[in-house]
Amino acid sequence: MAGYGQFCSVARAHEVLGGRWTLLVVRELLCGSRRFNDIRRGIPRISRTMLSERLQALVSIGAVTRRDGRTGPEYDLTESGRELASLVGAMGAWGQRWLPRRPAEEDLDAEPLLVDMHRRVRAEAIPKDPIVIRFEIDGQRQPRFLLLKVSEISLCTQNPGFPEPVRVRSPLPALVAWWRGDTDFREAQRMGLAVEGPKALVRDFPNWFERYLFAPIGPAAGEGGAVPPP
């Protein structure tokens, strides 16, 4: 593919980083994913072929290294790749501030949301005894299970064998609106988010998580990006 033909470092960087999916792959590596399938869980719409190509491209420019792990290839950011954190962070902050946030109108997948919730569990706030949260998202054929254990936090397709006292039932837009910071928890409940179980666990549920990294950033004045209260 022909380049931009410019000396400018913005153009040169965009040539290698501006392709579809590339910065999302970097985002997943910045969030701690190291194995191919873990990276893909956070970007479920990328094909295996495309993910392989994007990883190879990042390796070729020196932003990522590939090594053989115990269960297969693992990928790590180099100093060059880690420096992209400021770029990814600036894009996230800009998008949170300036892009409209109307989850009911967005084309959303549940998996990236649940992966992010899994990453941002506050281990010091969860119950001392292991429990499993059952997620039933409208339109999803199978429930998902989040194991909360002091020594392990896991997102699973089946209950790994622990008590399941908390069930979250929700339309995806309501759960997104709370997680992304578009609404508070009560407003998300009015949108259909329901947490069921023992009263104390239901009360504590929101405190088990550090919400989405950019949730504290509100919409720019006059943008009206957040979901209005019903």
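The values are calculated or read from the model by the stated rules, or taken from the named source; none is laboratory data. On a predicted model such as this, the values are computed, not experimentally measured, just so you know. Every residue, glycine as well, gets a Cβ built from its backbone with ideal geometry; the counts of neighbours run over all protein chains shown.
At a glance:
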| read-out | value |
| --- | --- |
| From SER80, SER86, residue being outside the structural domain of LEU193 (by TED's automatic domain parsing), small (Gly, Ala, Ser) and under 23 Å from LEU113 (Cα atoms) | SER86 |
| Scope region 48-72; condition buried (at least 16 other Cβ atoms within 10 Å of the Cβ) and either in contact with an Asp or Glu (Cβ under 6 Å, 6 or more places away or on another chain) or basic (Lys, Arg) (or both); matching residues | ARG54 |
| Those residues of region 114-132 which are among the hydrophobic types (A, V, I, L, M, F, W, C) and over 15 Å from VAL150 (Cβ atoms), in sequence order | LEU114, VAL115, MET117 |
| Residue count for region 118-133, restricted to those that are under 17 Å from PHE162 (Cα atoms), in a loop (DSSP other than H, G, I, E, B) and touching a residue at least 40 places away in the same chain (Cβ under 8 Å) | 2 |
| Filter result for the condition that a residue is among the charged types (D, E, K, R), surrounded by 18 or more Cβ atoms within 10 Å (Cβ to Cβ) and within 24 Å of LEU99 (Cα to Cα), over ARG180, ARG186 | ARG180 |
| When residues of region 98-128 are limited to those that are of a type in the set (A, V, I, L, M, F, W, C) and buried (at least 18 other Cβ atoms within 10 Å of the Cβ), the one nearest to GLU28 (Cα to Cα) | VAL115 |
| Qualifying residue in region 76-85 (condition: surrounded by fewer than 16 Cβ atoms within 10 Å (Cβ to Cβ), under 26 Å from ILE137 (Cα atoms) and at pLDDT 95 or above) | no |
| Flag if GLU111 is closer than 30 Å to ALA188 by Cα and in a helix (DSSP H, G or I) | yes |
| Some residue of region 132-141 being under 20 Å from ARG101 (Cβ atoms), of a type outside the set (Lys, Arg) and surrounded by 14 or more Cβ atoms within 10 Å (Cβ to Cβ) | yes |
| Selection within region 51-71 - closer than 18 Å to GLU83 by Cα, assigned to a loop (DSSP other than H, G, I, E, B) and without any contact (Cβ under 8 Å) to a residue 40 or more places away in the chain | GLY62, ALA63 |
| Residue within region 52-70 that is within 21 Å of GLU111 (Cβ to Cβ) and of a type in the set (A, V, I, L, M) present | yes |
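One line per residue, one yes/no per condition, for (1) within 28 Å of GLN140 (Cα to Cα); (2) touching a residue at least 24 places away in the same chain (Cβ under 8 Å):
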site	(1), (2)
MET91	no, yes
PRO100	yes, yes
ASP107	yes, no
ALA110	yes, yes
ASP116	yes, yes
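Conditions (1) farther than 12 Å from LEU175 by Cα; (2) in the same structural domain as ALA200 (by TED's automatic domain parsing); (3) in contact with a strand residue (DSSP E or B) (Cβ under 8 Å, 6 or more places away or on another chain); (4) not basic (Lys, Arg), marked per residue:
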position: ALA90; (1), (2), (3), (4): yes, no, no, yes
position: ALA93; (1), (2), (3), (4): yes, no, no, yes
position: ALA104; (1), (2), (3), (4): no, yes, no, yes
position: ASP107; (1), (2), (3), (4): yes, yes, no, yes
position: ALA110; (1), (2), (3), (4): no, yes, yes, yes
position: LEU113; (1), (2), (3), (4): no, yes, no, yes
position: ARG119; (1), (2), (3), (4): yes, yes, no, no
position: GLU124; (1), (2), (3), (4): yes, yes, no, yes
position: ASP129; (1), (2), (3), (4): yes, yes, no, yes
